[in-house]
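Only one structure is covered here, and it is reproduced in the block below.
Derivation of every value follows stated rules applied to the coordinates shown; laboratory data play no part. Everything numeric in this text was worked out from a predicted model, so none of it was measured. FYI the Cβ positions are ideal-geometry reconstructions off the backbone, even for glycines, and counts take in every protein chain you see.
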Ligand code: CP3
């Protein structure tokens, strides 16, 4: 048996590319919709270890992916820092207005860990039910991506307040500092509970102009990596900076020992050529192509497998799976990737 994901991430060869899908537990699965209904509320699902563990395992049972990702959300962090977060039906997240004073002086880390304890319990439960050949992915949002939701109270007007905060950067920096601390602690606790791989979702990285990415995105990222590895050792880590893969080559020069997630709008061939051959990449099937299926899907999968041949590679989507994705199309992708041995 091999743990294809963690092996790939430490640069070892595997029989075929590791396979999982971002947002693999979710509304495209009837069994998820059923458990979701049973829970009633999204937060109840996230914070009830039995239920969170159950939906984490559902996609593994059905598709036998190489890794489970713990069912939770990036917005558990603002919630644990005391900012109210709700999910209105068909609206996405809604956060109460940010109290900058309170948040930048936050110091009650015991409380913070107590709110998040059910996530860690869900991880240890899941770990106990998962075959040893499967990795268990713990995750967090990046400081910037979490900050965008906290500042705009949701997606707002395309995150106009967050984008404005980049022009008055001092306040933003103090928020990023607290978030860096919170995220590091949350990732460390997930590893202690049983996560074998970590992913950092930087879904809104592309809102930051190139000249500010070092300060707003990469310095906090490096600090999180250093803090986490100082505490728990050399845990494999994937950074998914959506829309900024053109910055990866420069970031890779820092020899961070991390893998990079690639979105579907990035040119995988160009990226492959610009990065050292030992750096693992993950991606980047277009979730819309997965919905569409047919010959276009087959060609897209073969294209990715072909480009990926020469480096440690994890087959994934370029962003989360869409709720209206036909299950048969997911089955087909699994089949094609498994044939790539
Ligand atoms: O299967 C998995 O990948 C694990 C669980 C997971 C969820 N959210 C569950 C979820 C993960 C890894 C996330 C990450 C997440 N959450 C991100 C980063 C990835 C990305 O998509 O860019 C972001 C930005 C969020 C914030 C968030 N949570 C939004 C914007 C929404 C609403 C939009 C939507 O898809 O409905 C959520 C809710 C959410 N998180 C759902 C799920 C399955 C849907 C809620 C439901 O089932 O009612």
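For residue 64 and residue 273, the difference between the fully extended length at 0.36 nm per residue and the C-alpha to C-alpha distance is 72.1 nm.
Which peptide among 126-137, 64-75 comes first, and what is the full order, when sorted by highest mean count of other Cβ atoms within 10 Å?
Values: 126-137: 17.5, 64-75: 22.4.
Result, highest mean first: 64-75, 126-137.
Could you tell me whether the range 4-102 comes out rounded, prolate or oblate from its Cα gyration tensor? Rule is a ≥ b ≥ c as square roots of the eigenvalues, rounded for a/c under 1.5, then prolate if a/b exceeds b/c, otherwise oblate. It is oblate, given that a/c is not under 1.5 and a/b is not larger than b/c. For the range 232-251, backbone nitrogen atoms closer than 17 Å to the point 7 Å from residue 10 Cα along Cα-to-C-beta are found at 232-238. Normalising the average separation of contacting C-alpha pairs (under 8 angstrom, six or more residues apart) by the number of residues puts the relative contact order of the range 1-129 at 24 percent.
Could you tell me whether the range 173-222 comes out rounded, prolate or oblate from its Cα gyration tensor? Rule is a ≥ b ≥ c as square roots of the eigenvalues, rounded for a/c under 1.5, then prolate if a/b exceeds b/c, otherwise oblate. The shape class here is prolate. Of the peptides 325-334, 255-264, the order by per-residue mean of other Cβ atoms within 10 Å, starting with the highest, comes out as 255-264, 325-334. Would any residue of the range 167-197 have its amide N under 14 Å from a label point 7 Å out along Cα→Cβ of residue 161? List them or say none. Flagged as within label range: 172. Determine the distance separating the Cα centre of the range 4-72 from the Cα centre of the range 288-341; give it in Å without decimals. Between the Cα centre of the range 4-72 and that of the range 288-341, the gap is 17 Å. Label positions at residue 246 and residue 50, each projected 7 Å from the Cα along the C-beta direction, are separated by 5.2 nm. Annotation for residue 253 and residue 102: the two label points, set 7 Å from Cα along the Cα-Cβ direction, are 4.4 nm apart. For the range 87-198, the square roots a ≥ b ≥ c of the C-alpha gyration tensor eigenvalues yield an a/c of 1.5 or more together with a/b exceeding b/c, which makes the shape prolate.
For the range 69-91, the residues whose backbone nitrogen is under 20 Å from a point 7 Å from the Cα of residue 33, taken along Cα to Cβ, are 88-91. Placing pseudo-labels 7 Å out from each Cα toward the beta carbon at residue 324 and residue 110 gives an inter-label distance of 5.1 nm.
Rounded to the nearest angstrom and ordered from largest down, what semi-axes does the equivalent ellipsoid of the chain get from its C-alpha gyration tensor (root of 5λ)?
Working: eigenvalues 169, 112, 79 Å².
The answer is 29, 24, 20 Å, longest axis first.
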